[in-house]
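Following this message is one structure expressed as structure tokens.
The values are calculated or read from the model by the stated rules, or taken from the named source; none is laboratory data. Here the structure is a predicted model, which means the values were calculated and not measured. As a convention, Cβ positions derive from the backbone with ideal geometry for all residues, glycine included, and neighbour counts pool all protein chains shown. Only protein heavy atoms, including side chains, enter the accessible area calculation; ligands, DNA and RNA are left aside. Shrake-Rupley method; radii C 1.70, N 1.55, O 1.52, S 1.80 Å.
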Amino acid sequence: MKNRKRALVLAGTAAALAATLIAAAPAPAAPASATQAAQAAQAAPKVAAVHGGGTIRYPYVPASHDIRFTVDAEAAPWSRPFPAQGGEQGMPVDARGKVTIYHAMPDENVIAVGEAEVDCLVTGGRTATVTAVVTSSNVGWEGKRIGISVQDGERGGPDRLGFSWGIANVDVQPDGSVSEPRVGTCMAPAPFTEVTEGGFKVTPAPLPPRPSTP
């Protein structure tokens with residue numbers, strides 16, 4: 001009987017010890033793949049972007065005109081090398097995406113449309129400047145670089161947009177003649193007009209570091 005009691009005591013002690021060890025053991029580690037993915041997501045740098053579309057009111061055309069822009073642009077730093085000293089790796093504001101323009105002029109029975117390939121994007125807070133080269137158009141703009149500025153409205157205010165023609169980018173020569181200079185990359189006026197329908201989302205990001213050279 002004593003031996004039986006002693007065996008029961010030992011068994012109870014062993015069970016209690018096992019329970020203590022189990023409770024004290026660390027939780028199973030998360031799968032390496034899930035942990036690595038989470039760390040990579042946290043370490044990944046934010047990418048500048050502008051997405052959206054909207055109708056604007058341009059005060060120098062009749063109210064019946066319908067002018068719309070869509071912008072889908074995302075930063076692609078150092079992706080557009082060019083043949084000049086220092087251009088072998090491209091620029092920190094290189095970008096990709098598309099801009100479309102639609103301008104209906106019912107008083108003239110004309111609808112102007114154009115599509116352009118984004119080549120540059122730079123952000124500062126809620127404002128972004130995008131340039132794109134026209135790839136297709138029914139008004140003869142093929143090959144022309146255009147500049148678009150976008151301001152993501154805050155505190156309930158409207159979004160705003162500006163563009164590099166109409167009231168900007170005019171070069172008056174000494175003889176009085178006027179020309180329209182070529183728009184440089186990431187060059188556009190301030191967002192001077194309100195978006196009346198739709199809107200844009202600006203994702204700001206700091207300029208990326210220069211890539212290391214081999």
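As an exercise, use a Förster radius of 30 Å and the Cβ-Cβ distance of Glu180 and Leu207 to find the FRET efficiency, rounded to the nearest 0.05. If you can, show how the numbers build up before the last one.
Working: r = 29 Å, r/R0 = 0.98.
The formula returns an efficiency of 0.55 here.
On full extension of the chain, what length is gained from Glu88 through Thr196, given 0.36 nm per residue of separation minus the C-alpha to C-alpha distance? Before the final figure, lay out each step's value.
On the way: separation 108, 0.36 × 108 = 38.88 nm, distance 4.20 nm.
Once the chain is fully extended between Glu88 and Thr196, it gains 34.7 nm.
Run the numbers for Lys98 and His65: contour at 0.36 nm per residue of separation, minus the present Cα-Cα distance, in nm. Mind dumping the intermediate values first?
On the way: separation 33, 0.36 × 33 = 11.88 nm, distance 2.31 nm.
This chain segment gains 9.6 nm when fully extended.
A follow-up question, please. For the range 171-214, what mean projected area does the convex hull of the alpha carbons give, in nm²? Present the calculation step by step, with values, prior to reporting the outcome.
Values: hull surface 29.2 nm².
One quarter of the hull surface, i.e. the mean projection, equals 7.3 nm².
Take peptides 150-160, 72-82 and line them up by average Cβ neighbours within 10 Å, highest first, as a rough protection proxy. Before the final figure, lay out the partial values.
Details: 150-160: 15.6, 72-82: 17.8.
Ranked from most to least packed, the peptides come out as 72-82, 150-160.
For the range 96-214, which whole-number percentage of the solvent-accessible area (1.4 Å probe, protein heavy atoms only) is attributable to carbon and sulfur atoms? Please list the in-between numbers first.
Values: 3460 of 6610 Å².
The C+S portion of the solvent-accessible surface of the range 96-214 is 52 percent.
Based on the alpha-carbon gyration tensor of the range 67-189, what equivalent-ellipsoid semi-axes (square roots of 5 times the eigenvalues) come out, in whole Å, largest first?
Numbers: eigenvalues 117, 85, 51 Å².
The three semi-axes for the range 67-189 are 24, 21, 16 Å.
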